[in-house]
1. Go through the residues of the stretch 376-390 one by one and say whether even a single one is within 22 Å of S273 (Cβ to Cβ), in contact with a His (Cβ under 8 Å, 6 or more places away or on another chain), in contact (Cβ under 8 Å) with a residue 40 or more places away in the chain and open to solvent by less than 30 Å² (accessible area, probe 1.4 Å).
2. Residue check: is L401 hydrophobic (A, V, I, L, M, F, W, C), touching a residue at least 40 places away in the same chain (Cβ under 8 Å) and open to solvent by less than 40 Å² (accessible area, probe 1.4 Å)?
3. Could you tell me how many of the residues in the stretch 231-289 are farther than 21 Å from G105 by Cα and part of a loop (DSSP other than H, G, I, E, B)?
4. Taking the condition charged (D, E, K, R), in contact with an Asp or Glu (Cβ under 9 Å, 6 or more places away or on another chain) and open to solvent by 20 Å² or more (accessible area, probe 1.4 Å), does K95 pass?
5. Looking for whichever is among the aromatic types (F, W, Y), under 26 Å from C242 (Cβ atoms), under 18 Å from the mean Cα position of the chain (by Cα) and open to solvent by 10 Å² or more (accessible area, probe 1.4 Å) here; the options are F63, F50, F115, F67. Which one fits?
6. Among what's in the stretch 307-328 and is open to solvent by 10 Å² or more (accessible area, probe 1.4 Å) and touching a helix residue (DSSP H, G or I) at 6+ places or on another chain (Cβ under 6 Å), pick the residue that is farthest from C242 (Cα to Cα).
7. So for the stretch 64-84 (the condition being at positive phi and of a type outside the set (A, V, I, L, M, F, W, C)), does at least one residue qualify?
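The values are calculated or read from the model by the stated rules, or taken from the named source; none is laboratory data. Quick caveat: nothing in here was measured; it's all calculated off a predicted structure. Cβ placement follows ideal geometry from the backbone for every residue including glycine, while neighbour counts extend to all protein chains displayed. Protein only, heavy atoms only, side chains kept; ligands, DNA and RNA dropped before computing areas. Shrake-Rupley method; radii C 1.70, N 1.55, O 1.52, S 1.80 Å.
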Amino acid sequence: MRKIHYSWVILAVTFTAIIVAGIIRSSSGIFLDPFESEFGWGRPTISFAFAVCLFLYGFSGPFMAAFVEVFGLKRIMLYSMAILSVGLALTFIMKSEWQLILIWGVMLGIGSGLFLTVLSTQVANRWFVKRRGLAVGILTAATATGQLILLPVLANFVENYSWRSAILLIFALSILMLIVIGIFMKSWPEDLGLTPYGQEEAPTEEVLSSTKRNPFKMAISSLLEGIKVKEFWLLAGSFFICGLSTSGLIGTHFISYCISFGIPLVTAAAMLSFMGVFDLIGTTVSGWLSDRYDNRWLLFWYYTLRGISLLFLPFALAEGSYTWLVIFSIFYGLDWIATVPPTIGLTRQKFGIEKSAMMYGWITASHQVGAGVAAYTGGVVFKVFGSYMWAFLLAGGFCLLASLFVILLKKHNPRELV
């Protein structure tokens with residue numbers, strides 16, 4: 001029987017870690033109403049804490065990529081998961097708004113930064129030569145898998161027991177994940193005397209010596225290089241709108257929007273997890289398509305179709321039909337993270353494989369700024385108008401704008417792909 005290469009063990013550990021970090025981050029939508037009811041905090045304040053989380057996990061991405069290069073993949077994964085565990089533990093004793101912002105904004109934002117931004121690229125680049133695209137696709141889909149499996153479970157815990165029981169569940173998962181990372185994770189194939197999957201020769205000393213560089217200088221230098229290039233701004237601008245229209249708006253406010261129309265919490269969470277099923281499919285297919293077709297036009301259609309679906313949602317909810325809501329969940333779900341593979345592909349085409357992780361980290365930071373803006377302004381819109389309708393209509397309009405950004409990108413020869 002042929003022995004399984006340890007790269008696939010690393011892939012499995014990383015996939016599971018991203019699922020746990022992803023459900024911790026995305027669970028904010030489950031806790032928005034319970035926090036508001038128990039503590040009496042205003043929705044804009046709670047939304048602001050969640051917005052800080054989205055902002056910090058995005059902006060920590062390029063720095064996390066640099067820290068991984070200097071201090072090691074396993075160590076940074078352990079530190080990041082530990083921050084998530086401590087943050088969840090402190091949630092049980094929080095009483096003030098500033099504590100909410102510190103825990104659910106700062107701590108969970110920084111703790112999830114590595115797992116939800118650059119980890120998939122780092123693991124694929126280090127552990128795979130062959131099947132690298134497949135590895136990125138699988139790891140990118142992990143956040144959707146977390147929603148698929150656990151959001152309805154958390155919603156059931158909140159509805160039948162309390163929000164504290166739901167926090168306890170994800171806290172236990174984070175502790176278990178710490179143990180798994182500690183036992184099975186390795187930073188490099190060389191730690192086990194192996195080469196990356198599909199590579200015959202040992203890595204050169206030149207590659208390994210790059211880990212001695214200053215992480216902050218590495219991250220800032222890549223940003224300074226990026227801001228001089230038109231393609232960087234177009235990719236960052238479109239990804240800003242991507243974050244605004246996904247994790248910022250849908251991830252934070254979709255459940256509350258459904259509840260405002262009389263849809264039960266568990267049903268709304270099930271709809272969100274249902275999107276995760278189709279997101280898993282859509283992201284995988286998008287990765288396959290991005291190897292074969294012009295990534296610019298893929299993004300053009302992804303953003304256009306997403307914009308149409310967001311413009312449709314308020315009317316679907318107003319109709320009070322579960323059928324229309326299911327149709328939206330399928331259509332939107334297929335498009336949720338489908339933008340990631342072609343965005344990574346375009347980043348790699350422009351900046352090369354060695355710089356792609358850091359550059360993509362900064363582009364992801366822009367994504368999370370957009371997510372933070374939507375998470376906060378969504379709460380403000382609800383307070384002012386008593387409805388989320390205008391927030392979703394505006395997000396749909398911005399998606400149509402993003403579709404114009406991406407077709408302005410310069411077309412690259414497919415042979416330039418590394």
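1. Of the stretch 376-390, the ones within 22 Å of S273 (Cβ to Cβ) are 378, 388.
Filter once more, keeping what is in contact with a His (Cβ under 8 Å, 6 or more places away or on another chain): 378, 388.
Cutting the leftovers down to in contact (Cβ under 8 Å) with a residue 40 or more places away in the chain gives us 378, 388.
Then keep just the ones that are open to solvent by less than 30 Å² (accessible area, probe 1.4 Å); that gives 378, 388.
So far as the stretch 376-390 goes, yes, one or more of its residues are within 22 Å of S273 (Cβ to Cβ), in contact with a His (Cβ under 8 Å, 6 or more places away or on another chain), in contact (Cβ under 8 Å) with a residue 40 or more places away in the chain and open to solvent by less than 30 Å² (accessible area, probe 1.4 Å).
2. Values: hydrophobic (A, V, I, L, M, F, W, C): yes; touching a residue at least 40 places away in the same chain (Cβ under 8 Å): yes; open to solvent by less than 40 Å² (accessible area, probe 1.4 Å): no.
Taking the combined requirement at face value, the residue does not satisfy it.
3. Looking only at that region, the number is 5.
4. Details: charged (D, E, K, R): yes; in contact with an Asp or Glu (Cβ under 9 Å, 6 or more places away or on another chain): no; open to solvent by 20 Å² or more (accessible area, probe 1.4 Å): yes.
No, not satisfied.
5. F63
6. Out of the qualifying residues, it is W324.
7. Filtering the stretch 64-84 for residues at positive phi gives 72.
Checking which are of a type outside the set (A, V, I, L, M, F, W, C) leaves us with 72.
Taking every residue of the stretch 64-84 in turn, at least one turns out to be at positive phi and of a type outside the set (A, V, I, L, M, F, W, C).
Residues are listed down the side, and each one gets a yes or a no for (1) within 16 Å of T117 (Cβ to Cβ); (2) touching a Phe, Trp or Tyr at 6+ places or on another chain (Cβ under 9 Å); (3) polar (S, T, N, Q):
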position	(1), (2), (3)
R306	no, yes, no
L313	no, yes, no
W324	no, yes, no
T343	yes, yes, yes
G352	no, no, no
A357	yes, no, no
A365	yes, yes, no
A371	yes, yes, no
Y376	no, yes, no
